[in-house]
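The values are calculated or read from the model by the stated rules, or taken from the named source; none is laboratory data. Nothing here was measured: the structure is a model prediction, and the numbers come from that model. Here Cβ is always computed from backbone atoms with ideal geometry, including for glycine, and neighbour counts include all displayed protein chains. With ligands, DNA and RNA removed, areas are computed over all heavy atoms of the protein, side chains included. Shrake-Rupley method; radii C 1.70, N 1.55, O 1.52, S 1.80 Å.
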Amino acid sequence: MSALPANHAAIHATINAQGELVAADAALLGLHLRAGGVEGGPLAIPQLATLARLALRLDTLISRPVIAADEDVDIDMWVRARPENGQVSLSIVDWKARAAKAPNPVVEQERQSDLVRAADGWNWRIDNNLRFLAMPRIAPTAVDESWPDAGTLLTDFFKLEEGADQGFPILNAMAERAPFLDQHAAVRDRPDERYILSGFPIFDTHGDLMGYRGKAAAVAAAAARDSGSAQQSAYMHMFGQRLDRALRKPLGRIIANADTISGQLQGPLRRDYANYASDIAAAGRHLMELVDDLADLQAIERPDFNPAQEDIDLADIARRTVGLLAVKASDRKIRIDAPDPDERLPAIGEFRRALQIMVNLVGNAIRYSPEDSMVWVRAEQDEAWARIIVADQGRGIAPEDQEKIFDKFERLGRDETGGSGLGLYISRRLARAMHGDVTVESAPGQGARFTLSLPVRKV
C-alpha cells in the first residue's frame, strides 16, 4: 500500500543527468522501490523519469499532472520538474491515492467477439429463439451439405454436445448475453460431420438481445492445429488491427503539430525548441512506418492471405514509384533513371502490393546510396517473367549476408535512423504470394541490384 504524505506537504526529489534518483522524500522513495528500483539507481517510475529527461533537455521548468501505478492504488500527482546545475529537482505539490480501476468486463466481451470474427468456418445467424435467419450462403466444406432454411431451429439442425461443466456453452452464453467460443455440435442427419460453434450476441438500439452471429468450424480443420494457438493467433490479428487504428490518429496529430512548431508557422521560436519539434516529427514518422510494417506483417502471415491476380504494368508502377520518392531522392541529391514513358511491362499480380514492393526497393536504394549518386530502375521481360531491377551505387552487400537481409527484423547491424528490418521480409513474402520473387545480386563496394519478378500471363 502506498505511504501517503500529509495532504498539503510537497514531496521533493533530485535526479541526476544519468536519470538516477540522487535523493527523495520517503513517499516517492517508497514508490520507486516498490516499482523495482534501488536506492541511488535509475528512477523506476517511467512517467517521472520521462518528465525529468524532458526538463533537462529543454532546460526549462515543466509542470504537469502525472498518474503512477502503485501496488493496489493509482496515484494522481502534480509534478514540477526544474533543471538546476545539470540535475533535475522534482516537486510534487499534490499526491492523491485512489483505488485502481477494476477491469472493464466490456473489454473481455469485445475480445471474445473479435476471436469469433477472426475464426475459420462458415457464417451463421440466429434470433433469440435459436432460429436460423436468412443470410447469404457461404458453402461449408461438404459438397452435399445444405444450408438450414430460415426458421429452422439451431437444435434441429445441430445436435449440441455438453461442455466440460456438463452444460451447453451456447445456452450458458445466451443466459449471460455473452460471447462463446467452444460449443461442439454434430449435424443431426450427418452425425459424422462435427463442428465447433462460436458466436457473439447482437443487441438492438434499446439493448435488448436480438440473437447471435457466429462461425461454424469443421472439427477436422480445427483438429489440424492446436485450438489454443489458433485462438491466440486470431486474437493477435485483431489486437494488431486495433493497435493500428489506435496509433494512426494520435501519431498523425503528433507529426502535424510537430511540423507546425518546427516550421515556426505560428511565429518565431527558439532554435533549440524548433529542433526538438523536428526530432519529434521524425520520430513520429518512424513510428508510423513501423505501424505500417506491423500491419502488413499481420496480413501476410495469416494463412488465408491471398493477393489479387490482376493485369498490371510493372513499368508504369516503377514510374509511379519514382514520382512518389522524387522529393526524398532530391533531398539526398540522388538521381533516379526510370523506365521510359512509353515502355510497358505487363505482368500478373496485385497493383497495390507490387507498388508497395517497388516503394520499398527504391526507398532502400535512396536510403543506402551516397549523395550525388544514381539509382537505375530497369524493366526486363522474357516468355515467363516480367522483371524490374533496382540498382544503386551503395556500399553493397557481402555474399554471406544476401539471404539474411530478407529475414524478419534483420538490419545487418545498420544504425541509421529509420527502418524496422521488415521491409525486405514483407516485400519477398508479398512477391512470393503473387507467385514471383524478390532477389538480390551484390558485392561489397559495388552497389546492389534488387529484382522484382512476377509472372506474365500465359496465352
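With respect to the numbered conditions (1) within 29 Å of the chain's Cα centre (by Cα); (2) at pLDDT 80 or above, which one is the sole condition not fulfilled by Val106?
Going through (1) within 29 Å of the chain's Cα centre (by Cα); (2) at pLDDT 80 or above one by one, Val106 breaks only (2).
Specify which of the listed residues (Thr14, Thr60) is out of contact with any helix residue (DSSP H, G or I) (no Cβ under 7 Å at 6 or more places or on another chain), at pLDDT 90 or above and under 30 Å from Arg271 (Cβ atoms). Break it down stepwise before answering.
Values: Thr60 fails: at pLDDT 90 or above.
It is Thr14.
Need a quick list: strands (runs of 3 or more DSSP E) entirely within segment 271-389 having at least 2 residues that are open to solvent by less than 50 Å² (accessible area, probe 1.4 Å).
In segment 271-389, 310-313, 346-349, 374-381 are the strands (runs of 3 or more DSSP E) which contain 2 or more residues that are open to solvent by less than 50 Å² (accessible area, probe 1.4 Å).
List every residue pair whose Cβ atoms lie under 7 Å apart, where the two residues are 6 or more positions apart in sequence or sit on different chains, the first residue falls within segment 53-80 and is touching a residue at least 24 places away in the same chain (Cβ under 8 Å) and farther than 15 Å from Ala10 by Cβ, and the second residue, located anywhere, is among the β-branched types (Val, Ile, Thr) and surrounded by 15 or more Cβ atoms within 10 Å (Cβ to Cβ).
Final answer for the pair search is Leu54/Ile62; Ala55/Ile62; Ala55/Val88; Leu56/Val88; Ala68/Ile45; Ala68/Ile75.
Conditions (1) modelled with pLDDT of 85 or more; (2) in contact with a Lys or Arg (Cβ under 6 Å, 6 or more places away or on another chain); (3) open to solvent by less than 30 Å² (accessible area, probe 1.4 Å), marked per residue:
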site	(1), (2), (3)
Ile405	yes, no, yes
Arg429	yes, no, no
Pro444	no, no, no
Leu452	yes, no, yes
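Among (1) under 35 Å from the mean Cα position of the chain (by Cα); (2) modelled with pLDDT under 85; (3) β-branched (Val, Ile, Thr), where does Val38 come up short?
Result: Val38 passes all but (2).
Which residues, counting only those in segment 396-409, are closer than 17 Å to Leu361 by Cβ, in contact with a strand residue (DSSP E or B) (Cβ under 9 Å, 6 or more places away or on another chain) and assigned to a loop (DSSP other than H, G, I, E, B)?
Passing the criteria: Gly396, Ile397, Gln402, Glu403.
Determine, yes or no, whether Arg64 is over 27 Å from Tyr273 (Cβ atoms), touching a strand residue (DSSP E or B) at 6+ places or on another chain (Cβ under 8 Å) and not hydrophobic (A, V, I, L, M, F, W, C). If you could, list the steps in order and put the result at the bottom.
Numbers: over 27 Å from Tyr273 (Cβ atoms): no; touching a strand residue (DSSP E or B) at 6+ places or on another chain (Cβ under 8 Å): yes; not hydrophobic (A, V, I, L, M, F, W, C): yes.
Answer is no for this residue.
So Val22 clears everything in (1) open to solvent by 30 Å² or more (accessible area, probe 1.4 Å); (2) modelled with pLDDT under 85; (3) farther than 14 Å from Ala69 by Cα; (4) among the aliphatic types (A, V, I, L, M) except one condition, right? Which one?
(2)
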